[in-house]
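Asker: Sharing a structure with you now.
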Amino acid sequence: MKLVTSLTVCILGASSIFASSALMEKAKNNGLTAIPAKKVELMKLIDDKKDPITKEKVELGKKLYFDPRLSKSGIISCNTCHNLGLGGADGISAAIGHGWTKNPHHLNSPTVYNSVFFKAQFWDGRSPHLADQAQGPVQAGPEMAAPASLVEQRINSIPEYVNEFKTAYGKDVKVDFAKITATIATFEKTLVTPSKFDDYLNGNEKALNDEEKKGLTLFIDKGCTTCHTGIALGGTMQPFEVASKYKFANVGDFKGDKNGKVKTPTLRNITETAPYFHNGQIWALADAVKEMGSVQLGIQISDLDAKQIVMFLKTLKGVKPNISYPQLPESSIDTARPDSK
């Protein structure tokens, strides 16, 4: 009798492992990719041999990311709209910039976490990588409103910054707008947040519980991986309103790129980045799941299924890099004054 019982337990255990392994393979076959567990493998994905990541560049880039002097008014930094303590976003429907200006297209600030994995930057995908993206908000009138020449003047007027650029890049470095924003991008590349979902895809069968695995199964079976794939589970340009009209399409005038495509937002840390959609009109994650089912897939996702999918989405909340607020170098008498007009 004991032998039979033992055999039964072994068979059931083997069946459970097999089922879990099958789901793992199903996830990978549907385009879901883990953040590599080993640093050397991760660096292959995020580093640039022409401009390698170094601790000096990262530290300098962090200071610039948090420095409000990169804005015309002297009060808005990159972290204002991409707050690293708020999931890398700002928690409001439409970004607020220079002179308390609301984004004229009523666009929501996307998270900066894991943005190194995006194939396109901005909602309309107009920038191919982070270094190019970083130049946009700094200069944009409704955002930081600082001309490139003003940014260059302020940074070059601060001796400590000049010395840090020389340490990071060499004594002959030209501290121009492109170098300043590229340094910010180097820091942003390090904002990677591995989660227990990555542990699961990397081979740890127990990283997800049964309810989370049910949610993952539904996520795949409902067709969510049509757009939300890759390491970022998003970050590529995809058609929008494929099956029906988005219920809040009239909020703002954003229509996507010239082909009507919109950058698919990453699902990593999605529980931290409400409100959802390009114009930030849906606050409950389950409601966003149901709306996507209708708009993109042409299906009705029940409250129960949406709740189950959210169980999976919660596994994408990752471990954030430990970032301390930097002490910024002091301005000199030559540093251009703040201008709120």
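The values are calculated or read from the model by the stated rules, or taken from the named source; none is laboratory data. As the structure is a computational prediction, the values presented were derived from the model and not from experiment. Here Cβ is always computed from backbone atoms with ideal geometry, including for glycine, and neighbour counts include all displayed protein chains.
Asker: Could you please find all residues in the stretch 298-341 being farther than 30 Å from LYS214 by Cα and either among the basic types (Lys, Arg) or in contact with a His (Cβ under 6 Å, 6 or more places away or on another chain) (or both)? Break it down into steps so the answer makes sense when it comes.
Answerer: So the first thing to find is which residues in the stretch 298-341 are farther than 30 Å from LYS214 by Cα, and the list is 322-341.
Within the stretch 298-341, ARG337, LYS341 qualify.
Asker: Go through the stretch 288-341 and give me each residue that's part of a loop (DSSP other than H, G, I, E, B) and among the hydroxyl-bearing types (Ser, Thr, Tyr). Write out each step before concluding.
Answerer: Looking only at the stretch 288-341, we keep the residues that are part of a loop (DSSP other than H, G, I, E, B), and these are 298-302, 317-341.
Selection gives SER302, SER324, TYR325, SER331, SER332, THR335, SER340.
Asker: Mind telling me which of the residues GLU205, GLU212, GLU188, GLU160 ends up being closer than 30 Å to THR33 by Cα and surrounded by fewer than 18 Cβ atoms within 10 Å (Cβ to Cβ)?
Answerer: GLU205
Asker: Take the conditions out of contact with any Asp or Glu (no Cβ under 6 Å at 6 or more places or on another chain), within 30 Å of ALA232 (Cα to Cα), modelled with pLDDT of 95 or more and not in a helix (DSSP H, G or I) and apply them to PRO194. Does it pass?
Answerer: Details: out of contact with any Asp or Glu (no Cβ under 6 Å at 6 or more places or on another chain): yes; within 30 Å of ALA232 (Cα to Cα): yes; modelled with pLDDT of 95 or more: yes; not in a helix (DSSP H, G or I): yes.
Yes.
Asker: Further question on the same structure: Does the stretch 128-156 hold any residues that are under 17 Å from ASP67 (Cβ atoms), touching a helix residue (DSSP H, G or I) at 6+ places or on another chain (Cβ under 7 Å) and hydrophobic (A, V, I, L, M, F, W, C), and which are they?
Answerer: Those that are under 17 Å from ASP67 (Cβ atoms), touching a helix residue (DSSP H, G or I) at 6+ places or on another chain (Cβ under 7 Å) and hydrophobic (A, V, I, L, M, F, W, C): ALA134, VAL138, MET144, ALA145, ALA146, ALA148, VAL151, ILE155.
Asker: Tell me which residues, restricted to the stretch 282-341, are surrounded by fewer than 16 Cβ atoms within 10 Å (Cβ to Cβ), under 30 Å from ALA37 (Cβ atoms) and among the polar types (S, T, N, Q).
Answerer: Selection gives ASN322, SER324.
Asker: Now for a different question. What are the residues in the stretch 139-150 that are farther than 17 Å from THR80 by Cα and buried (at least 18 other Cβ atoms within 10 Å of the Cβ), if any?
Answerer: Listed by number, the list holds a single entry, LEU150.
Asker: What's the number of the condition GLY74 fails, among (1) surrounded by fewer than 18 Cβ atoms within 10 Å (Cβ to Cβ); (2) at positive phi; (3) not hydrophobic (A, V, I, L, M, F, W, C)?
Answerer: With respect to (1) surrounded by fewer than 18 Cβ atoms within 10 Å (Cβ to Cβ); (2) at positive phi; (3) not hydrophobic (A, V, I, L, M, F, W, C), GLY74 is out only on (1).
Asker: If you go through the stretch 261-278 one residue at a time, do you hit one that is over 19 Å from the mean Cα position of the chain (by Cα) and surrounded by fewer than 17 Cβ atoms within 10 Å (Cβ to Cβ)?
Answerer: Within the stretch 261-278 (the criterion being over 19 Å from the mean Cα position of the chain (by Cα) and surrounded by fewer than 17 Cβ atoms within 10 Å (Cβ to Cβ)), the answer is no, since none of the residues qualifies.
Asker: Among helices (runs of 4 or more DSSP H) lying entirely in the stretch 2-113, which contain 3 or more residues that are within 17 Å of the chain's Cα centre (by Cα) and modelled with pLDDT of 95 or more?
Answerer: Numbers: elements: 2-29, 39-46, 55-66, 78-81.
Filter on the stretch 2-113 gives 39-46, 78-81.
Asker: With the condition kept exactly as written, say whether any residue in the stretch 32-51 is in contact (Cβ under 8 Å) with a residue 60 or more places away in the chain, buried (at least 20 other Cβ atoms within 10 Å of the Cβ), of a type in the set (Val, Ile, Thr) and touching a His at 6+ places or on another chain (Cβ under 7 Å).
Answerer: Within the stretch 32-51, not a single residue is in contact (Cβ under 8 Å) with a residue 60 or more places away in the chain, buried (at least 20 other Cβ atoms within 10 Å of the Cβ), of a type in the set (Val, Ile, Thr) and touching a His at 6+ places or on another chain (Cβ under 7 Å).
Asker: In the stretch 204-222, how many residues are in a loop (DSSP other than H, G, I, E, B), in contact (Cβ under 8 Å) with a residue 24 or more places away in the chain and farther than 12 Å from ILE309 by Cα?
Answerer: Residues of the stretch 204-222 that are in a loop (DSSP other than H, G, I, E, B), as a first pass: 204, 208-209, 222.
From what is left, the residues that are in contact (Cβ under 8 Å) with a residue 24 or more places away in the chain are 208, 222.
Restricting the remaining residues to those that are farther than 12 Å from ILE309 by Cα gives 208.
The qualifying residues number 1.
Asker: Could you count how many residues in the stretch 163-185 are free of Cβ contacts under 8 Å to residues at least 12 places away in the same chain and either surrounded by 15 or more Cβ atoms within 10 Å (Cβ to Cβ) or not small (Gly, Ala, Ser) (or both)? Break it down stepwise before answering.
Answerer: Within the stretch 163-185, the subset free of Cβ contacts under 8 Å to residues at least 12 places away in the same chain is 163, 166, 170-174.
Narrowing further to those that are either surrounded by 15 or more Cβ atoms within 10 Å (Cβ to Cβ) or not small (Gly, Ala, Ser) (or both): 163, 166, 171-174.
So the count comes out to 6.
Asker: Still on this structure, I have one more. Considering only residues that are in contact (Cβ under 8 Å) with a residue 60 or more places away in the chain and not in a loop (DSSP other than H, G, I, E, B), look in the stretch 225-252 and name the one that is nearest to LEU191 (Cα to Cα).
Answerer: Going through the stretch 225-252, the residues in contact (Cβ under 8 Å) with a residue 60 or more places away in the chain turn out to be 225-227, 229-237, 251-252.
After this cut, where a residue has to be not in a loop (DSSP other than H, G, I, E, B) as well, the list is 225-226, 230, 237.
Values: THR225: 24, THR226: 26, GLY230: 17, MET237: 22 Å.
Out of the qualifying residues, it is GLY230.
Asker: While we're looking at this one, here's another question. ASN259 - would you say it is in a loop (DSSP other than H, G, I, E, B), in the same structural domain as LYS222 (by TED's automatic domain parsing) and either touching a helix residue (DSSP H, G or I) at 6+ places or on another chain (Cβ under 7 Å) or not charged (D, E, K, R) (or both)?
Answerer: On the way: in a loop (DSSP other than H, G, I, E, B): yes; in the same structural domain as LYS222 (by TED's automatic domain parsing): yes; either touching a helix residue (DSSP H, G or I) at 6+ places or on another chain (Cβ under 7 Å) or not charged (D, E, K, R) (or both): yes.
Yes, satisfied.
Asker: Next up: Could you please give the count of residues in the stretch 87-104 that are buried (at least 17 other Cβ atoms within 10 Å of the Cβ) and either touching a residue at least 60 places away in the same chain (Cβ under 8 Å) or within 11 Å of GLU143 (Cα to Cα) (or both)? Please lay out each step first, then the result.
Answerer: Here is the first cut: in the stretch 87-104, the ones buried (at least 17 other Cβ atoms within 10 Å of the Cβ) are 87-90, 93-98, 103.
Narrowing further to those that are either touching a residue at least 60 places away in the same chain (Cβ under 8 Å) or within 11 Å of GLU143 (Cα to Cα) (or both): 87-89, 93-98, 103.
Number of matching residues: 10.
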